[in-house]
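The values are calculated or read from the model by the stated rules, or taken from the named source; none is laboratory data. All values derive from a computational prediction rather than experimental measurement. Glycine gets a Cβ as well: all are built from the backbone with ideal geometry, and neighbour counts include every protein chain shown. All accessible areas refer to the heavy atoms of the entire protein, side chains included, with ligands and DNA or RNA removed. Shrake-Rupley method; radii C 1.70, N 1.55, O 1.52, S 1.80 Å.
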Amino acid sequence: MARTAPGVRLLPNAITVLAMCAGLSAVQFTLVHNYGAAIAAIAVAAALDSLDGRIARLLDATSKMGAELDSLSDAISFGVAPALVLYVWKFPGDRTGWVIALVFAVCVILRLARFNTLLEDAEQPPYAKEFFVGVPSPAGGLLVLLPLILWIQIGHDGWWSAKATVVVWTVAVAALLISRIPTLALKSIRVPASAVAPLLVGVGLLAAAVITYPMVALAAALVLYLGHIPYAVRRKHWLAHHPEAWDVPPRERRAIRKAHGRVSRRLGLRPPLRRVAGAARRAVRLPRRGTDDGAHLGPVLLPDGARVARPAGVRRRNWRRTGLRRNQPRPGEPR
């Protein structure tokens, strides 16, 4: 097996440094109030962050230094930079705004620390690699800027850019970062061969939308990302209860899901009734303790016309109460 050249092995770390520079440039753009360029710089940092790890695995150039450098770059680009952008834009000189910015930056750093810890956890189930625990830091760094994106696109202030809205939104995104809510990991998504051509067409359309309407495309992408979270939660819950689907391709996994759905519909599985109808409950009511209900219920009529005493403890069914009609006797039979 051919070894990777030393110069090529530096490529992933170089991409990580470029992502860090993009995050720091976002701070400089913010200081001159060029918020559109600041958002673009953070988006570029997110794109570069998604590439460095893949390239490192492809080139077999993963290292401890690269992992530490990647975490430091993410903390700056998606924690410090977005927090400063929000503070300069909406809370200049406001102590409360500075506290909110600090909370968001700290949550990003805590999320990165937990991510690094989970990488060394060997007791996770096989399907855990398909999900992130909480919202990843690149997505969180862009999500927290959604009010600013709407403000730039709409062109005037509104409820989406009010201080209260920005505070609540920032705290909510910070909570998603450190939460245990699962989100899909893009590196685990497998594209079938038949979907490659449509996917490339979609990438071209996305690039055209980003060039023509950058803020609208970015806002739509962020909203779609938020919308996928319930699906990720449901998918992880299903995988946790179906171990037979952990190590199979996506096509076989879909077949297993459809098979389980058909079996459930065929068996007519429904949740049990929580209430029993009053008539049915009265029909099966047992006699009370200490009483002899057979003493006053009268004799039992047998098919041959004979009458015998009703056993003690047996109640006569009240057909009117249960809503049922007694079978009418045939002609010639005793009533």
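Annotations
- Pairs are defined by a Cβ separation below 6 Å, a sequence spacing of at least 6 or placement on different chains, a first member in segment 93-113 that is under 19 Å from Gly134 (Cα atoms), and a second member that is charged (D, E, K, R); the pairs so defined are Leu112/Asp74.
- In segment 162-195, of all residues being in contact (Cβ under 8 Å) with a residue 60 or more places away in the chain and out of contact with any Leu (no Cβ under 8 Å at 6 or more places or on another chain), the one that is most open to solvent (accessible area, probe 1.4 Å) corresponds to Arg190.
- Scanning segment 77-87 for residues that are open to solvent by 40 Å² or more (accessible area, probe 1.4 Å) and among the aliphatic types (A, V, I, L, M) yields a count of 2.
- Among the residues examined, Gly23 qualifies as over 24 Å from the mean Cα position of the chain (by Cα), in a helix (DSSP H, G or I), surrounded by 17 or more Cβ atoms within 10 Å (Cβ to Cβ) and touching a residue at least 24 places away in the same chain (Cβ under 8 Å).
- Members of segment 52-64 found to be in a helix (DSSP H, G or I) and open to solvent by 80 Å² or more (accessible area, probe 1.4 Å), listed by number: Arg54, Arg57, Leu58, Lys64
- Residue check, Leu226 under 22 Å from Ile154 (Cβ atoms) and surrounded by 11 or more Cβ atoms within 10 Å (Cβ to Cβ): yes
- Counting only residues that are open to solvent by 20 Å² or more (accessible area, probe 1.4 Å) and either touching a helix residue (DSSP H, G or I) at 6+ places or on another chain (Cβ under 6 Å) or not β-branched (Val, Ile, Thr) (or both), segment 147-161 holds 10 of them.
- Looking only at segment 121-170, and only at residues there that are modelled with pLDDT under 90 and among the charged types (D, E, K, R), the one that is farthest from the chain's Cα centre (by Cα): Asp157
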